[in-house]
There are 4 protein chains.
Amino acid sequence: LSFSEDCSVRRTPARMAMIGGGGGAFIGPVHRRAAALDGVVTIVAGAFSSDRSRNAETGRSLGLDPQRVYSSYDALFEREAARPADERPDFVCIVTPNHLHAPVAMAALSHGFPVFCEKPLTRDLPDARELCALADATGLPVGVAYTYLGYPLVHEARRLVQAGTIGTVRRVDVRYTQGWLSQPIERSGNAQAAWRMDARTAGIAGAVGDIGVHAQSLVEFVSGEQITEVSADLRQTVRGRELDDDCSMLLRLTNGVRGTLAASQICAGDDNRLEVSVYGESGGIHWAQERPDRLILNVAGQPKRHITCDAALVGEPARSMLRLPAGHPEGYLEAFANLYLEFVGRISGGKSWAGLSHHDGLRSMAFIKAVIQSGAGNGRWRTIQA
Amino acid sequence: LSFSEDCSVRRTPARMAMIGGGGGAFIGPVHRRAAALDGVVTIVAGAFSSDRSRNAETGRSLGLDPQRVYSSYDALFEREAARPADERPDFVCIVTPNHLHAPVAMAALSHGFPVFCEKPLTRDLPDARELCALADATGLPVGVAYTYLGYPLVHEARRLVQAGTIGTVRRVDVRYTQGWLSQPIERSGNAQAAWRMDARTAGIAGAVGDIGVHAQSLVEFVSGEQITEVSADLRQTVRGRELDDDCSMLLRLTNGVRGTLAASQICAGDDNRLEVSVYGESGGIHWAQERPDRLILNVAGQPKRHITCDAALVGEPARSMLRLPAGHPEGYLEAFANLYLEFVGRISGGKSWAGLSHHDGLRSMAFIKAVIQSGAGNGRWRTIQA
Amino acid sequence: LSFSEDCSVRRTPARMAMIGGGGGAFIGPVHRRAAALDGVVTIVAGAFSSDRSRNAETGRSLGLDPQRVYSSYDALFEREAARPADERPDFVCIVTPNHLHAPVAMAALSHGFPVFCEKPLTRDLPDARELCALADATGLPVGVAYTYLGYPLVHEARRLVQAGTIGTVRRVDVRYTQGWLSQPIERSGNAQAAWRMDARTAGIAGAVGDIGVHAQSLVEFVSGEQITEVSADLRQTVRGRELDDDCSMLLRLTNGVRGTLAASQICAGDDNRLEVSVYGESGGIHWAQERPDRLILNVAGQPKRHITCDAALVGEPARSMLRLPAGHPEGYLEAFANLYLEFVGRISGGKSWAGLSHHDGLRSMAFIKAVIQSGAGNGRWRTIQA
Amino acid sequence: LSFSEDCSVRRTPARMAMIGGGGGAFIGPVHRRAAALDGVVTIVAGAFSSDRSRNAETGRSLGLDPQRVYSSYDALFEREAARPADERPDFVCIVTPNHLHAPVAMAALSHGFPVFCEKPLTRDLPDARELCALADATGLPVGVAYTYLGYPLVHEARRLVQAGTIGTVRRVDVRYTQGWLSQPIERSGNAQAAWRMDARTAGIAGAVGDIGVHAQSLVEFVSGEQITEVSADLRQTVRGRELDDDCSMLLRLTNGVRGTLAASQICAGDDNRLEVSVYGESGGIHWAQERPDRLILNVAGQPKRHITCDAALVGEPARSMLRLPAGHPEGYLEAFANLYLEFVGRISGGKSWAGLSHHDGLRSMAFIKAVIQSGAGNGRWRTIQA
């Protein structure tokens, strides 16, 4: 049972203000849960929605001081910046649709707030350049949520490539395919689909911007090479779409590396199939997001190795990113959290499952006793009696 | 992107007091992270360790009021029970070694606190009976942390069995094998191993008590049948051990069901291999904890089905236990939380990775632009320029 | 592309006489195909069925001289033994139901023929002892078809255990579960089920005799230890059955090894799930028949290794049992053989698929040309023209 | 146990003459074993090698009449064509390097022989056109060995697509990656590599011709669509190579389908990774050659289905291509054939394993008896005594 007990770098939680992420949003609650997990972040203010009642409701559900729930990000930045240093947000988290990333981020930076922003950074390239210029000028930290770089084994893959385990890199293949946009659900009330397929909110790209950038960031991170040229085939598969929903491309990367990248949201039946392979002169390394706790390392002439999230088997920084011992897959914490939901429900008159009461605990003790007795009695059958 | 945004049953977090779980503990931090995930629990008091400085340090790291960090559970219960209702802990969480479960739980109940307790419930059967009697007398809720019942697909498996999908249950097989006690590490300083292999702290059973009860609780939960008789073969494989480290047994369950259960901690090379199969007259259902986001349902004469954590595919209560859309495996949240650690580290002068800065975001925007241009140009190679 | 081109030990095929295996049999055709694969065996005589016309038809379909197709095994042995040495069968293959194994084998040995026999060796233990006494007295070779010992990676597993890769063996688990006898199909015309569940033809055991012995032979072969004691739970799950269809047992083996064995034919939804695990002091080794070209070797503290059928990765004798290079799974030959069936069908006016004609070959040549041209033209789109 | 006992379309084996495939060849022995498996083909003549002694030796090892082993294909065709109809080969099998396919095939056709030829059909497109013209003029059957079309589940995949199970096809992805040419082994004595990387023997393409055509034939077969345009990126990764060893391309197919194809032999660590995905409007279908007995069918909104080689689950023609019941993976026959090699070795004084003798059979009978007795004795431990 070797693992990293505490990933925290600070003992006093950082104060966060959130822009976007009101009721009905997908990524907002993900950010909030992720921020809560290690106890290093606490939400203190927000402008969650342009819908007044949804905004207020989200603030209430988070237990925020109603004074710190704002109807606009401008108002939030102005008033929060005026607070004393020990109340003021340490940073701003942006989880709006793409078109607002740049204006919100620039406003935040202008008020002196570091920014943690959903991907893609902006709606288009000029916006991104402008934002970067401002960030560099202010010197304030800006982070982009390339989620998949958060997996420990992605870091381990990068480390193994850098360590020469597979030799000089020659070829990469990365795919990110989903099926949820196979049908025109943006025209039947799916809000997530609607803004992603609308150039005003999503920017110049559909699937390429929504998931292609994850593939690009992942393949560059793991291989250590950067894409220098692309030859792409894009289309709007579903009739009537403005933005691409299906894209394939040939890649050329630094140091003569070549490869392929596919980003498609019309791959019906696929859930969230992000997979990367990096081939070097002497081996290949493979990671798939739908089975994130396994890294496959195939060195020519050796048995295929399956590297798991085991602090004894991985190097830094992956090791310090683990919260659990080997064999407790990522997700164990969510399972555990479900127990708390059940119990808190129980003490609040809410939902309750069978299986977790003291009488269940008693049954197990009777089970233990019978087992010990049967074992001591050369396997004689013993009855369980609680 | 269909999922349950908010599993919470209450908007005001429940206040928790924790007994045990000081620095160096395994399960204490797991409880704290799990409790934090959904924002429904907040720690307000604790007696974490009999080591005074470790106790104080744990309290500090959790940001607790030093007045509410106690050197004994007795002191905690007495003084916390005296607080006003809106400050008093809503419940007590017990994460000590096994032998303390009963005395702490009974003291907590006596002071009017509901109890959420690590498994096994107590050290032995008489203690468990006494505790249950008290719990029933007080009427206060008591919960036992059978972690694996927290997985959504375990509930889905139970539901499918109850719905008759595999017909009347006939046979069950469950195994929980680990390798971490293959060597006598309890004699070379491993504290986790030491108390688990010591009858004074662990109780009458070793592997059976530590992991066998998880197997028992899981197989009963999924099959809906209860074990009535056991025929067991136990041993202390590693020389010098007092308690069993390896156990196999034949099972007889209610309604004529039969089966097997293995619980072993000397299965070298295994991490945390908890696997359950339930067979009915017309099919079988299979779940493995090391791949928890997949449930295999094999109905005779039909293709084998792999059921994933997809709100569109599972029934209640599994559906309401999901926090993410299909294809985002449990663990996505931990990955995401790692991004927050990185960013909070960055704004605090702490650790920082490549790959998440605004310049990385800018690169992606340049990538998008080149892709869109290449696509528009019938696949002509385009250079990426940030 | 390293592999064993030719497993043969002799250049002149051995002449085989077959007893049993007439039309409708399961294992007879399997034997014939397996015997044909390497060209080392040729069938020259047979007594395939007590049904006269089925017997004759099987002989005809195999292209046998009608004079060498016999209505009884006695007649066959008598007359074939009288043939000149260069015509006489080199051995006899027995593929009848169990109850005939002993009498046929003993008659064969009495006439001087080596015997290759289906498992289990006989109907019960006394028969087996008698047969062994005769075999030993004659000194003639007798083989038993423990099919699963034919897999190269089973030999590799044994070799790795013997080489100490996992340390001293401590525990074994083996399961062989099928679902095809979940319902009383022996009462609705399934001939395979009927004789297996009839004590007159199958002997004293049902599932234990039919598949339990495969599990026993496999676990002993891989672990190098022999089962010395069993504690078993058997039953006739399906009402009205005479013989066991479901069995679980605890095992004790030589050198203090312990373990479990399950053999069941009422595991609905399972096909042919034979899986073995052997644990030593420092690691475990795992093989599953439904994925036979992969051996999992987990040594504590090392990445999990997946060993495949690659001559460069396995030792003797597995290496010399491979017929194909790595990555060409066992089954490639069957796929290839299907091409021959198609083509022979075509030249005989029989069945024919799309996809294998010279026009398909031509298409591929046009594809190659277009690819080469596009590559030479910096990826310009090229049309394929056959 | 439902399966196709006999795939044969004719009872008298077809007579085959083989050109190429002398000692040291890879694909020749594969053809011979595949042709032998079902007993529908028998080799009667050959011109195996231009090396006189290797040629003679191969003929001897196959038990051929030395008169029918020829030093050139011309001689073979001339003299074999002159034989009486009931001796004359029914067809010619060509397993030479690519550059000889066309001249040999055309000579065979000119002498009236049907042709079964390795892929690619010829060295280049003009040769292929000429050969096709001749084949069409003669009306004689010509077959091309697109091996992977021989897998039952490839046919099932095609059938499911045609049946509309995944809706109208929109996208395909196919990859065929190997690692065996990662290093310049053609310059250190590997004959297989040498002719494949030599334009004189291989033709105009390297990886594209060797494995790319398998990918092309497979994706067209399964999807039912034909590739109409390609945009390719090719290179000679290993310095000094004349032909491509790494290739990626974008595809456009009939009916607006798009996709990708990768064919590379420098993917170090990959064995023979041929994988195809076909996406339609409502689902996707996936097959991987390294796990050929499983077809994944993901229909949106339904559990993922894993279709296995089970006659009860697949339609025609896959059903009639199965030789074994469900759960007996392709490869079972090879395992079984290894038993024959062992036994034939034993009666010939050759190699012999432990585990297959009558004493092993006897042990199993003692095992059965002890199990039955223990079961009858409520699980009392019983000793095994042979």
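On the basis of being under 27 Å from the mean Cα position of the chain (by Cα) and within 24 Å of C:Thr168 (Cα to Cα), does B:Asp233 make the cut? Reasoning before the result, please.
Numbers: under 27 Å from the mean Cα position of the chain (by Cα): no; within 24 Å of C:Thr168 (Cα to Cα): yes.
Against the criterion (under 27 Å from the mean Cα position of the chain (by Cα) and within 24 Å of C:Thr168 (Cα to Cα)), B:Asp233 does not qualify.
Conditions tested, residue by residue: (1) of a type in the set (D, E, K, R); (2) touching a Ser or Thr at 6+ places or on another chain (Cβ under 8 Å); (3) farther than 25 Å from C:Arg235 by Cα.
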{"position": "B:Ala205", "(1), (2), (3)": "no, no, yes"}
{"position": "B:Glu220", "(1), (2), (3)": "yes, no, no"}
{"position": "B:Ser223", "(1), (2), (3)": "no, no, no"}
{"position": "B:Thr228", "(1), (2), (3)": "no, yes, no"}
{"position": "B:Val238", "(1), (2), (3)": "no, yes, yes"}
{"position": "B:Leu243", "(1), (2), (3)": "no, no, yes"}
Within the stretch A:100-113, the count of residues that are free of Cβ contacts under 8 Å to residues at least 40 places away in the same chain and touching a Ser or Thr at 6+ places or on another chain (Cβ under 9 Å) comes to 6
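So which residues in the stretch A:32-54 are within 24 Å of the chain's Cα centre (by Cα) and not small (Gly, Ala, Ser), if there are any at all? Walk me through it before giving the result.
Taking the stretch A:32-54 and keeping what is within 24 Å of the chain's Cα centre (by Cα), we get A:32-49.
Of everything in the stretch A:32-54, those that are within 24 Å of the chain's Cα centre (by Cα) and not small (Gly, Ala, Ser) turn out to be A:Arg32, A:Arg33, A:Leu37, A:Asp38, A:Val40, A:Val41, A:Thr42, A:Ile43, A:Val44, A:Phe48.
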Over the stretch A:15-40, the set of residues β-branched (Val, Ile, Thr) and farther than 13 Å from A:Thr58 by Cα is A:Ile27, A:Val30, A:Val40
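Which one is farthest from the chain's Cα centre (by Cα), of the residues in the stretch D:294-312 that are open to solvent by less than 30 Å² (accessible area, probe 1.4 Å) and within 13 Å of chain C (Cβ to nearest Cβ)?
In the first step, residues of the stretch D:294-312 are kept if they are open to solvent by less than 30 Å² (accessible area, probe 1.4 Å); the result is D:295, D:297-299, D:306-311.
Narrowing further to those that are within 13 Å of chain C (Cβ to nearest Cβ): D:306-311.
Numbers: D:His306: 23, D:Ile307: 21, D:Thr308: 19, D:Cys309: 17, D:Asp310: 21, D:Ala311: 21 Å.
Only one residue tops the list, namely D:His306.
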Those strands (runs of 3 or more DSSP E) completely within the stretch C:205-320 that have 2 or more residues that are in contact with a Cys (Cβ under 8 Å, 6 or more places away or on another chain) are C:227-235, C:258-264, C:273-280
Note on the stretch C:212-233: residues under 20 Å from C:Glu118 (Cβ atoms), at the interface with another protein chain (Cβ under 7 Å from one of its Cβ atoms) and among the hydrophobic types (A, V, I, L, M, F, W, C) are C:Val213, C:Phe221
Subset of the stretch B:196-211, residues within 12 Å of chain A (Cβ to nearest Cβ) and farther than 17 Å from B:Val154 by Cβ, comes to B:Arg196, B:Ala199, B:Ala202, B:Gly203, B:Ile204, B:Ala205, B:Gly206, B:Ala207, B:Val208, B:Gly209, B:Asp210
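Would you mind stating whether A:Ala202 is of a type outside the set (S, T, N, Q), touching a Phe, Trp or Tyr at 6+ places or on another chain (Cβ under 9 Å) and either surrounded by fewer than 23 Cβ atoms within 10 Å (Cβ to Cβ) or over 26 Å from A:His99 (Cα atoms) (or both)? It would help to see each step written out before you state the result.
Values: of a type outside the set (S, T, N, Q): yes; touching a Phe, Trp or Tyr at 6+ places or on another chain (Cβ under 9 Å): yes; either surrounded by fewer than 23 Cβ atoms within 10 Å (Cβ to Cβ) or over 26 Å from A:His99 (Cα atoms) (or both): yes.
Yes.
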Exercise. Quick check: is even one residue across the stretch C:20-43 at pLDDT 95 or above, of a type in the set (Gly, Ala, Ser) and over 28 Å from C:Asp210 (Cα atoms)?
Worked result: no
Exercise for the section: Would you check if C:Ala102 is touching a Phe, Trp or Tyr at 6+ places or on another chain (Cβ under 7 Å) and at pLDDT 90 or above? Expected result: no
Filter the stretch C:100-138 for residues that are within 19 Å of C:His214 (Cβ to Cβ) and open to solvent by less than 10 Å² (accessible area, probe 1.4 Å); the one that is farthest from the other protein chains (Cβ to nearest Cβ) is C:His101
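Can you tell me how many residues within the stretch B:76-112 are of a type outside the set (A, V, I, L, M, F, W, C) and part of a helix (DSSP H, G or I)?
First, pick out the residues of the stretch B:76-112 that are of a type outside the set (A, V, I, L, M, F, W, C): B:78-80, B:83-84, B:86-90, B:96-99, B:101, B:103, B:110-112.
Now narrow it down to the ones that are part of a helix (DSSP H, G or I): B:78-80, B:98-99, B:101, B:103, B:110.
Total meeting the criteria: 8.
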Of the residues in the stretch A:48-70 that are open to solvent by 80 Å² or more (accessible area, probe 1.4 Å) and either at pLDDT 95 or above or assigned to a helix (DSSP H, G or I) (or both), the one that is nearest to B:Pro13 (Cα to Cα) is A:Arg60
Of the conditions (1) hydroxyl-bearing (Ser, Thr, Tyr); (2) at pLDDT below 95; (3) within 27 Å of the chain's Cα centre (by Cα), the single one that B:Tyr279 does not satisfy is (2)
Within the stretch A:321-348, residues being part of a helix (DSSP H, G or I) and among the charged types (D, E, K, R) number 3
Scan the stretch B:336-351 and tell me whether some residue there is more than 7 Å from chain A (Cβ to nearest Cβ) and free of Cβ contacts under 8 Å to residues at least 12 places away in the same chain. yes
Residue count, the stretch B:349-371, condition part of a helix (DSSP H, G or I) and either open to solvent by 40 Å² or more (accessible area, probe 1.4 Å) or within 30 Å of A:Pro13 (Cα to Cα) (or both), comes to 6
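From the list C:Arg239, C:Arg291, C:Arg252, which one is of a type in the set (Lys, Arg), in contact (Cβ under 8 Å) with a residue 12 or more places away in the chain and within 12 Å of chain D (Cβ to nearest Cβ)?
Details: C:Arg239 fails: within 12 Å of chain D (Cβ to nearest Cβ); C:Arg291 fails: in contact (Cβ under 8 Å) with a residue 12 or more places away in the chain.
Answer to the selection: C:Arg252.
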Condition set more than 15 Å from A:Phe367 (Cα to Cα) and polar (S, T, N, Q), scope the stretch B:235-280, selection most open to solvent (accessible area, probe 1.4 Å): answer is B:Asn255
Matching residues in the stretch D:313-334 (open to solvent by 20 Å² or more (accessible area, probe 1.4 Å), among the charged types (D, E, K, R) and within 9 Å of chain C (Cβ to nearest Cβ)) number 1
Here the residues within the stretch B:211-234 that are out of contact with any Leu (no Cβ under 7 Å at 6 or more places or on another chain), free of Cβ contacts under 8 Å to residues at least 60 places away in the same chain and either open to solvent by 10 Å² or more (accessible area, probe 1.4 Å) or of a type in the set (Phe, Trp, Tyr) (or both) are B:Glu220, B:Glu229, B:Leu234
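The values are calculated or read from the model by the stated rules, or taken from the named source; none is laboratory data. Keep in mind that this is a model prediction, so the values were computed, not measured. All Cβ positions, glycine included, derive from the backbone under ideal geometry; neighbour counts span all protein chains shown. These accessible areas exclude ligands, DNA and RNA; they are computed on the full protein's heavy atoms, side chains included. Shrake-Rupley method; radii C 1.70, N 1.55, O 1.52, S 1.80 Å.
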